[in-house]
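The values are calculated or read from the model by the stated rules, or taken from the named source; none is laboratory data. Note that the coordinates shown come from a computational prediction; the quantities given were computed from them, not determined experimentally. We place every Cβ from the backbone using ideal geometry, glycine too, and count neighbours over all the protein chains shown.
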């Protein structure tokens, strides 16, 4: 039976589109031949990754450049997008090879998480000698903003406490600094930003109350060799002390995931 020419052309076109979309996904060999790892982010996160004018700096920037070199690449470059949605669109349009952002959803359908680079989560910001663990919040005066993702967690803690609910994080900080709260609950990197400025004589930051990994994300269909190479590079840099050194340079503490 002879297949009509129109059907043949349509089938070949569809096959070429399918093959093209697969081939466009990031592979280790493709990155090594190009020499540069292109990364994107959307959220300015103090110390971690942020843009000031045309310059992008931070722990993730410096660390991922070292990861790229471990993967036999020349360097890593970064670009900033306005939103997480734009970030994912640029990933899937092959404008970047990988993305990394604290506000990316923990569950993704249009990207694949291949490595946890840091862990964020809730921490307690207190004066020296103040609360350092969840049990210490009993009977404490807790400042937190109602728009904070951890607000309901704190409100539902199964013991007596006084919550100073503020409309935003700036007001919650003022409540704490003004003395109307014993502890301020906030995100790890927000806390470390203030801690780096004010120092241990005035403030202390607790260990994570709970952790939330922040992942390096690639396009669906990227090869396993790439995932293996990224994780191997991260583990090597953690094992030889480079990760801890850079982490303490930017945050005064190690921000890796520990579980």
Inset, instruction - For residues that are in contact with a helix residue (DSSP H, G or I) (Cβ under 9 Å, 6 or more places away or on another chain) and either outside the structural domain of residue 193 (by TED's automatic domain parsing) or part of a loop (DSSP other than H, G, I, E, B) (or both), tally how many sit in the range 150-167. - result: 3
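Here is a yes/no grid of residues against (1) modelled with pLDDT under 65; (2) not in a loop (DSSP other than H, G, I, E, B):
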| position | (1), (2) |
| --- | --- |
| 6 | yes, yes |
| 20 | yes, yes |
| 30 | no, yes |
| 39 | no, yes |
| 43 | no, no |
| 51 | no, yes |
| 56 | no, yes |
| 60 | no, yes |
| 65 | no, yes |
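Per-residue answers, yes or no, for (1) buried (at least 19 other Cβ atoms within 10 Å of the Cβ); (2) assigned to a helix (DSSP H, G or I); (3) in the same structural domain as residue 109 (by TED's automatic domain parsing):
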| residue | (1), (2), (3) |
| --- | --- |
| 216 | yes, no, yes |
| 222 | yes, no, yes |
| 231 | no, yes, yes |
| 257 | no, no, no |
Inset, instruction - Name the one entry in 85, 147, 170 that is in a helix (DSSP H, G or I), surrounded by fewer than 14 Cβ atoms within 10 Å (Cβ to Cβ) and modelled with pLDDT under 90. - result: 170
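A quick yes/no check of all residues on (1) within 16 Å of residue 215 (Cα to Cα); (2) buried (at least 21 other Cβ atoms within 10 Å of the Cβ); (3) touching a helix residue (DSSP H, G or I) at 6+ places or on another chain (Cβ under 6 Å); (4) assigned by TED's automatic domain parsing to the domain that holds residue 197:
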position	(1), (2), (3), (4)
59	yes, yes, yes, no
69	no, no, no, no
72	no, no, yes, no
91	yes, yes, no, no
94	no, no, yes, no
105	yes, no, no, no
110	yes, no, yes, no
Legend entry - The lone exception for residue 188 - which of (1) under 15 Å from residue 210 (Cβ atoms); (2) touching a helix residue (DSSP H, G or I) at 6+ places or on another chain (Cβ under 8 Å); (3) modelled with pLDDT of 90 or more it fails: (2)
Inset, instruction - Would you mind stating whether residue 137 is assigned by TED's automatic domain parsing to the domain that holds residue 216, at negative phi and either surrounded by 15 or more Cβ atoms within 10 Å (Cβ to Cβ) or in contact (Cβ under 8 Å) with a residue 60 or more places away in the chain (or both)? - result: no
Inset, instruction - For residue 211, indicate whether it is in a helix (DSSP H, G or I), within 15 Å of the chain's Cα centre (by Cα) and on the phi < 0 side of the Ramachandran plot. - result: no
